[in-house]
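A.B. asks: Got a structure for you, questions after.
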Amino acid sequence: MPAVLTAIGTDAQNSFEDLSGICTPTLLSPAIGGVNRQLFATNGSDGNGLGEIEGGNPYDAMLYLSNEDPAVISKAYQTHRTLRNAKFTKMLRSPEFDGVNIDPILVRVEQAKREGRAVDDAVDPRHCLVFWARPPERIRQFVKTVQERLRNIAPDLWIMPEDCLHMTVLEITHSTTSETIESLVDTIAPSLPDILAHTKLHRARLTAPLLSFDAAAMAISFLPSPAKNDKYTYHHLRRDLYGLCRDAGVEVDSRYVLPSAHITVARFVENEGLKGKMEEWMREVEGINAWLREECGGVNWEVGEERGLDCRRGQLWYGGGDTVGLGEGF
């Protein structure tokens, strides 16, 4: 297992709760087809989204317990993001709330860029290996509108640049050394063309964009399409990529398998600008979501549209890093 740097950055404070109420895998048999339901634990809000896994594929739990019904899978993703937004709405509006979570590494990264210094391991030591989905133009356009509205309330908000926008379909590993990443790249390289081609024949549709948030960042989240004819869902795609990477000889060390499909669009890098303005901030967030439901509710996105899967390595928490391989879009 790769060495992982722990307790670094704002995500070190994230409990990665699975709020879907569907399942958190606790023990998966390699022969998942004949697994007994007792090998899975249903949970409401106290699971960590991953649990203890031996063999098997952690994404199979959701597919098994939902009978691979697109509507059930979509509802799990919807429940997760709805309850998560409700949780952080209560937190951010609480009189006891003492300020947003500042990402100290992002602050260092931005300072290094302003000063013309290299963003080396002394600035951000976390190297990762992932598969990204890149949003098509029509998604990027409404993301830009959302970012502008957020920045009107918080001018010092850090905004994800348009050419860096991404959805992490699978995280192979995170927060480790560049040497570890290079070793994993060497291992996966012979299988990479087939993995990157997967979305050409396996179309996963995302729908219903909404602004999701916590005390550290904002993201546009989507739902797997609930339509009966969209039998191959985004969760199937995540399951398949996990299996393909493992078959390629790479151990997958993701932080979570939560029912979430999101593009991070902004992060907090300072606290002063929002002091005394949290109610105004939350009203704007609610206004953005009302606009998204009304104007963008019918928007959908097939993963691999315009640009194929992007296998990415390096210091990529904020949309950076280097492309190892890029799939063909459709």
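A.B. asks: Checking D156 against (1) over 28 Å from L196 (Cα atoms); (2) modelled with pLDDT of 95 or more; (3) among the acidic types (D, E): exactly one of these is not met. Which one?
C.D. replies: Condition (2) is where D156 drops out.
A.B. asks: Name every residue in segment 64-77 that is open to solvent by 70 Å² or more (accessible area, probe 1.4 Å) and either within 26 Å of M282 (Cβ to Cβ) or among the charged types (D, E, K, R) (or both), in order of residue number.
C.D. replies: E68, K75
A.B. asks: Moving to a separate point now. Quick check on my filter: what residues within segment 268-316 are part of a loop (DSSP other than H, G, I, E, B), surrounded by 12 or more Cβ atoms within 10 Å (Cβ to Cβ) and over 21 Å from the mean Cα position of the chain (by Cα)?
C.D. replies: E270, N271, K277
A.B. asks: Evaluate segment 86-104: report whether one residue or more is within 29 Å of P226 (Cβ to Cβ) and at pLDDT below 75.
C.D. replies: The answer is no, given that none of the residues of segment 86-104 is within 29 Å of P226 (Cβ to Cβ) and at pLDDT below 75.
A.B. asks: Taking the stated definitions as given, is T168 within 20 Å of the chain's Cα centre (by Cα) and either at pLDDT below 95 or farther than 27 Å from S225 by Cβ (or both)? Please lay out each step first, then the result.
C.D. replies: Values: within 20 Å of the chain's Cα centre (by Cα): yes; either at pLDDT below 95 or farther than 27 Å from S225 by Cβ (or both): no.
Taking the combined requirement at face value, the residue does not satisfy it.
A.B. asks: Right, here's the next one. Being more than 27 Å from Y232 (Cβ to Cβ), open to solvent by less than 20 Å² (accessible area, probe 1.4 Å) and touching a Phe, Trp or Tyr at 6+ places or on another chain (Cβ under 8 Å) narrows it down to one residue among N85, N101; which is it? Lay out the reasoning, then the answer.
C.D. replies: Values: N101 fails: open to solvent by less than 20 Å² (accessible area, probe 1.4 Å).
None of the others qualify; the one that does is N85.
A.B. asks: Considering only segment 106-130, state which residues are among the aliphatic types (A, V, I, L, M) and closer than 18 Å to E272 by Cα.
C.D. replies: Going through segment 106-130, the residues among the aliphatic types (A, V, I, L, M) turn out to be 106-107, 109, 112, 118-119, 122-123, 129-130.
Matches in segment 106-130: L106, V107.
A.B. asks: While we're looking at this one, here's another question. Among the residues of segment 169-185, how many are surrounded by fewer than 17 Cβ atoms within 10 Å (Cβ to Cβ) and within 13 Å of L316 (Cβ to Cβ)?
C.D. replies: Number satisfying all stated conditions: 1.
A.B. asks: Here is a check on your reading of the model: is V130 touching a Cys at 6+ places or on another chain (Cβ under 8 Å) and either crowded, with 21+ Cβ neighbours inside 10 Å or part of a helix (DSSP H, G or I) (or both)? It would help to see each step written out before you state the result.
C.D. replies: Numbers: touching a Cys at 6+ places or on another chain (Cβ under 8 Å): yes; either crowded, with 21+ Cβ neighbours inside 10 Å or part of a helix (DSSP H, G or I) (or both): yes.
For V130, the condition - touching a Cys at 6+ places or on another chain (Cβ under 8 Å) and either crowded, with 21+ Cβ neighbours inside 10 Å or part of a helix (DSSP H, G or I) (or both) - is met.
The values are calculated or read from the model by the stated rules, or taken from the named source; none is laboratory data. None of the values given here were measured: they were computed from a predicted structure. Using ideal geometry, Cβ is built from the backbone for each residue, glycine included, and neighbour counts are taken over all protein chains shown. What goes into the accessible areas is simple: the full protein's heavy atoms, side chains included, and nothing from ligands, DNA or RNA. Shrake-Rupley method; radii C 1.70, N 1.55, O 1.52, S 1.80 Å.
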